[in-house]
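In what follows, a structure is listed as structure tokens, so that the remarks can point back to it.
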Amino acid sequence: QAIILVHWLLTVWGCMNYMLPASYAWGNFSVLAVGIWAIVQRDSLDAIVLFLTGLLLTVLTDIIHISVFYPAHDHLSDTSRFSVGMAIFSLLLKPLSCYLVYRMYRERGGE
């Protein structure tokens, strides 16, 4: 539950500015919705596998979004800096989240 909450908050803060496209928000929020499904259905291996797969895919898509849409000039507003910083921080936390979700997968009987 903490994984969902932290990534939800960081994604909301990452979307505060219109620098990142809507696909960034759609991708991250849809993976978080699958994460909520994985929390609700504790006995479902499919939910946790989809959540782990989604987290791994958003690592790749976040790298692409941030690298392609990062502005080239040095005159960023404070809101833009904060928004991009939170998106980068979310990206940096995702490998740890993937590890924790993988441990949950193993606890539920996954191989």
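The values are calculated or read from the model by the stated rules, or taken from the named source; none is laboratory data. Every value quoted in this text rests on a predicted model; they were computed, and no experiment measured them. Neighbour counts are summed over all protein chains in view; Cβ atoms, including those assigned to glycine, are modelled from backbone coordinates with ideal geometry. To get the accessible areas, we keep the full protein, side chains included, count just its heavy atoms, and leave off ligands, DNA and RNA. Shrake-Rupley method; radii C 1.70, N 1.55, O 1.52, S 1.80 Å.
Some notes on this structure:
- Where L20 falls short, out of the listed (1) loosely packed, with under 15 Cβ neighbours inside 10 Å; (2) in a loop (DSSP other than H, G, I, E, B): (1)
- Any chance L93 is without any contact (Cβ under 8 Å) to a residue 24 or more places away in the chain, open to solvent by 30 Å² or more (accessible area, probe 1.4 Å) and under 13 Å from the mean Cα position of the chain (by Cα): no
- Residue tally, condition more than 30 Å from E107 (Cβ to Cβ) and acidic (D, E), over the range 48-96: 2
- Test: residue in the range 65-78 that is part of a helix (DSSP H, G or I), crowded, with 16+ Cβ neighbours inside 10 Å and at pLDDT 90 or above: yes
- Flag for I36 being open to solvent by 70 Å² or more (accessible area, probe 1.4 Å), in a helix (DSSP H, G or I) and touching a helix residue (DSSP H, G or I) at 6+ places or on another chain (Cβ under 7 Å): yes
- Checklist (1) under 19 Å from W26 (Cα atoms); (2) among the charged types (D, E, K, R); (3) in contact (Cβ under 8 Å) with a residue 60 or more places away in the chain applied to R108, failing item: (1)
- Residues that are within 14 Å of the chain's Cα centre (by Cα) and open to solvent by 60 Å² or more (accessible area, probe 1.4 Å) within the range 39-53 comprise L50, T53, listed in sequence order.
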